[in-house]
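Laboratory data are not the source of any read-out in this text; all were calculated from the coordinates shown. Remember, it's a predicted structure, so these values are computed and weren't measured experimentally. Here the Cβ is made from the backbone with ideal geometry for all residues, glycine too, and neighbour counts use every protein chain on show.
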Amino acid sequence: MTAADLARQIVLDLPALAPRMTREAFVVSASNAAALATLDAWTASGEPLLTICGPAGSGKTHLLQILVRESAGDRLLAIDDIDRTDEPQELLALVEQARSEGKRVALAGRGAPAAWSAGLKDLETRLNAAPRIALVEPDEALLRAVILKLFRDRQLKTAPSVADYAVKRL
């Protein structure tokens, strides 16, 4: 293809494909097998607060999305990237207000939930007392399965060896 051909080429401005963040799309492996069970137990328990913690790419946002989808009509406040807050007093007030209004709160972020309190003892106590889903770095089997899922989501057929190649370089 020449430069002139490229200049005449029509670009299709297709929207980005949003990842499917449903229960069915959540890839389960040894490194995250307890996560869905804990999520279901919290949903059934009536506990007012849930924390989901783990490193980047471990599935925190996906679990929150599952919770939001399955809690349609329920009184749920779900906050992602809570570790980025620099207002622990406001987070404590939010948790307390939600509790007083009969709402449930699910928080997800990196690191241990106690670190999200920035030293505010009342908040730290509540976060430590809440049920917790602690995710870990995805293992190779999970990474391979997620890569293949992402290809399928985009309707791309690929050999498993492509995922094997990618996993070794991540």
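Below are the figures for this structure:
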read-out	value
DSSP beta bridge pairing in the chain, given as percent antiparallel to the nearest 5	0 percent
Three-way shape label, region 19-137, alpha-carbon gyration tensor, a/c 1.5	oblate
Selection of GluC sites (Glu not before Pro), region 69-134, meeting DSSP coil and at most 10 other Cβ within 10 Å	GLU101
Theoretical FRET efficiency, 1/(1+(r/R0)^6), r = Cβ-Cβ of ALA159 and ASP13, R0 35 Å, to 0.05	0.70
Under 14 Å from LYS103, Cα to Cα: aspartates and glutamates that are on another chain or at least 8 residues apart	GLU47, ASP74
Within the chain, helix-based [θ] at 222 nm, where runs of 4 or more DSSP H residues each add -39,500 (n - 2.57), nearest 500	-13500 deg cm²/dmol
Under-5 Å amide H pairs with VAL105, H placed in peptide plane, nonlocal only	LEU49, LEU50, LEU77
Debye, to nearest 20: dipole size of region 1-139, +1 on Lys, Arg Cβ, -1 on Asp, Glu Cβ	220 debye
Modelled FRET efficiency - R0 41 Å, GLU87 with ALA141, Cβ distances, 0.05 increments	0.60
Dipole of the chain, positive direction: furthest Cα of LEU127, LEU49, PRO15, with charges on the beta-carbon	PRO15
